[in-house]
Amino acid sequence: MNDRASAVRRRLLPVILPAALGGCAFDLPHSTAVGRSDFARAILDVYGIIVWASLGIFLVVAVVLTWVLARYRARPGAPAPAQTRGHTLLEVAWTIAPALVLLVIAVPTIQVTFRTQGAAAPPGALEVVVRAWQWWWEFRYPELGVVTANELHLPAGRPVVLRLEGPDVIHSFWIPQLGGKRDVVPGRVNRITLTPDAPGEYPGQCAEFCGASHANMRMKVVVQTPEDFERWVAAQRAAPPEPEGPAAEGRALYGRLACVGCHTVRGVSAGVLGPDLTHVGSRSTIGAGVLPNTPENLTAWLLDPAAVKPGVKMPALGLSEDEARALAAYLLSLK
Ligand code: CUA
């Protein structure tokens, strides 16, 4: 029996060990153990306090417990120990001690919560309105006149105030390396104030179950140098180029189909139910991070969105393969 158990253990080791060690990697895209913004680091600091406090309490308990077990263990022939009932000092002590521990955790937690969700924006802060929809993210830059979806561009080193607004159900905004989670609640505005450290791409994910495609409600924060960010803003503000060839065909189709009822392409349509597509060709993914933004994927998406993303609000438009390809060519031309 023992031989068999150890054989099983030996066989499982190559599976279990990497899996266990994999959980120890710090610098992964969805790791909360690295802070790439002041907000994420503030949360990490609070975690640090909790971890060290827990470790200290564990050590005290383990030492006292070991001593008690050794000192008062049953000995053959020993009389029953003296029985006690009630001990005021002890009872007061074990009420006050946890209250102190909770206080040590609560004070920095509340400080960080208030510091990062204040209504007063730091001077020079960039405001972005974040609207969470089933199942995609809308990002509006009111001062810049830019609207985009699923890919939030931010300049490094500049404070940003994210105004979280919920048009449908409760979602939760979470970029593990930059901070969160903070709920996006219909009928109220929540805020996050943070300053991203350095250029890079930081994946995020809705963190509140919100329906069939909750797991497909991804996003990406692209932190850029201030110069690159300015360039991105200028490109987003510019009118998209006139489509040519199959893309021109696609644009005619776009105008005839139901697309215009839900989507905005500045100068062409003004729908508000789906993502703004004015510069959809400049985004790296479609369907809120579900697929890379390539002609093949976009064509497949247009032919049958629900096959790519269960529950998606966008209907299949009954397009032919050629129509879908032309439409995809048009959308990808919107750089
Ligand atoms: Cu939105 Cu989960």
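Nothing in this text is a laboratory measurement; each read-out follows from the coordinates by a stated rule. These numbers come from a predicted model, not from an experiment. Here Cβ is always computed from backbone atoms with ideal geometry, including for glycine, and neighbour counts include all displayed protein chains.
See the values below:
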quantity	calculated
Per-residue Cβ neighbour rank within 10 angstrom, fewest leading, Thr278, Thr113	Thr113, Thr278
For Ile286, residues with placed amide H under 5 Å, excluding near neighbours	Leu291, Asn293
Per-residue HN-Hα couplings for region 69-81 [Karplus 6.51, -1.76, 1.60; θ = phi - 60°; Hz; x = Gly/Pro]	4, 6, 5, 10, 5, 5, 10, x, x, 6, x, 4, x
Amide hydrogen neighbours beyond the local backbone of Val184, cut-off 5 Å, H modeled	His171, Ser172, Phe173
Inter-probe distance in nm under a simple model that places probes 7 Å from Cα toward Cβ, at Ala270 and Val63	7.2 nm
Net lengthening on full extension, Ile16/Arg256 (0.36 nm per residue, minus Cα-Cα)	80.8 nm
Tilt relative to the chain, helix 2-22 - C-alpha long axis, 0 to 90 degrees, to 10	50 degrees
Cleavage-rule hits, trypsin sites (Lys or Arg not before Pro), region 27-96, DSSP coil, Cβ neighbours within 10 Å at most 12	Arg73, Arg85
Amide hydrogen neighbours beyond the local backbone of Trp137, cut-off 5 Å, H modeled	Asn150
Vicinal HN-Hα couplings computed from phi for region 43-60 (Karplus, 6.51 cos²θ - 1.76 cosθ + 1.60; Hz; Gly/Pro x)	5, 4, 4, 5, 4, x, 4, 5, 5, 5, 4, 5, 5, x, 5, 4, 5, 4
Cβ-derived FRET efficiency at R0 22 Å, Glu143 paired with Glu230, nearest 0.05	0.95
Additional length obtainable on full extension of the chain from Ala82 to Ala248, 0.36 nm per residue less Cα span	50.4 nm
Relative contact order %, the chain, counting alpha carbon pairs below 8 Å whose residues are six or more apart	15 percent
Ser37, Ser333 arranged by Cβ crowding within 10 Å, fewest neighbours leading	Ser333, Ser37
Restricting region 85-147 to GluC sites (Glu not before Pro) in coil, as DSSP defines it, with at most 15 other Cβ within 10 Å	Glu143
Estimated FRET transfer efficiency when R0 is 22 angstrom, pair Arg158-His30 (beta carbons, to 0.05)	0.35
Loop-located chymotrypsin sites (Phe, Trp or Tyr not before Pro) in region 146-213 whose Cβ has at most 16 other Cβ within 10 Å (DSSP)	Phe209
Peptides ranked, highest mean first, by Cβ atoms within 10 Å: ranges 94-104, 293-303, 116-126	293-303, 116-126, 94-104
Inter-label distance, nm, simple model (7 Å from Cα along the C-beta direction), Trp52/Val107	1.4 nm
The chain, Rg to Rh (Cα coordinates; Rh as Kirkwood inverse mean 1/r)	1.15
Rh (Kirkwood; distinct C-alpha pairs) - region 46-164, Å	20.2 Å
Whole-Hz ³J(HN,Hα) from phi, Karplus 6.51 cos²θ - 1.76 cosθ + 1.60, for region 179-186, glycine and proline x	x, x, 7, 9, 5, 10, 10, x
Region 191-317: radius of gyration over Cα atoms, expressed as a fraction of 2.2 N^0.38 Å	1.17
